[in-house]
Amino acid sequence: MTMTTAFQLRRDSFGKLIITLESGEEHVGITPVRAFPIQAPTRGISLVRDGGKEVAWIDDLADVPHDVRTLVCEEIEGREFIPEVVRIKDVSSFATPCTWFVETDRGDTRFVLKADEDIRRIGETSLLVADSHGINFLIRDMFRIDKHSRKILDRFL
């Protein structure tokens with residue numbers, strides 16, 4: 001399968017993304033924005049310029065050339081920080097506020113859950129847990145997490 005796009009993407013000397021459209025029109029400072037960051041992180045990515053005006057669309061990152069995919073992923077990873085909870089080790093209390101001790105895909109950490117309402121359902125199986133500093137932690141599938149973690153989670157849901 002040949003991968004082609006109707007645009008070219010590169011970085012300028014300041015690290016900003018520059019898109020060159022098929023028409024030859026260029027835009028500096030492009031920002032990739034995921035349409036569905038939790039459910040479909042590699043599908044539906046809008047490339048927007050200043051002011052939020054979309055200049056290009058990527059249906060699926062798997063369908064674009066490797067160099068474009070790399071630039072888009074680097075840019076998104078630099079902006080988005082959503083650690084994924086692998087295991088809930090312990091909580092200081094089952095009443096809020098409480099401290100959660102968790103293992104994430106980025107290492108062990110702890111955070112303060114201010115209120116039960118800071119746990120939000122995303123789709124059927126995913127949860128976003130916001131800490132007291134506004135950092136979101138993702139539980140991708142609350143039914144696939146280990147038994148101990150699920151037991152703790154059930155007390156808050």
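So which of Pro65, Pro32 is touching a residue at least 40 places away in the same chain (Cβ under 8 Å) and either buried (at least 17 other Cβ atoms within 10 Å of the Cβ) or among the polar types (S, T, N, Q) (or both)?
Pro32
Among the residues of the range 94-105, what is the count of those that are in a strand (DSSP E or B) and either over 20 Å from Arg144 (Cβ atoms) or not β-branched (Val, Ile, Thr) (or both)?
5
Can you go through Lys114, Lys53 and tell me which one is in the same structural domain as Arg144 (by TED's automatic domain parsing) and basic (Lys, Arg)?
Lys114
Return the residues of the range 12-29 that are more than 21 Å from the chain's Cα centre (by Cα) and surrounded by 13 or more Cβ atoms within 10 Å (Cβ to Cβ); say none if nothing qualifies.
Scanning the range 12-29 gives Ile18, Ile19, Thr20, Leu21, Glu26, His27.
Find the residue count for the range 106-157, including only residues that are in contact (Cβ under 8 Å) with a residue 12 or more places away in the chain and not in a loop (DSSP other than H, G, I, E, B).
24
Is there a residue in the range 14-34 that is of a type outside the set (D, E, K, R), modelled with pLDDT under 90 and at negative phi?
Scanning the range 14-34, I find at least one residue that is of a type outside the set (D, E, K, R), modelled with pLDDT under 90 and at negative phi, so the answer is yes.
The values are calculated or read from the model by the stated rules, or taken from the named source; none is laboratory data. Please read all numbers here as calculations on a predicted model, not as lab measurements. Note: ideal-geometry Cβ built from the backbone for every residue, glycine included; neighbour counts use all protein chains shown.
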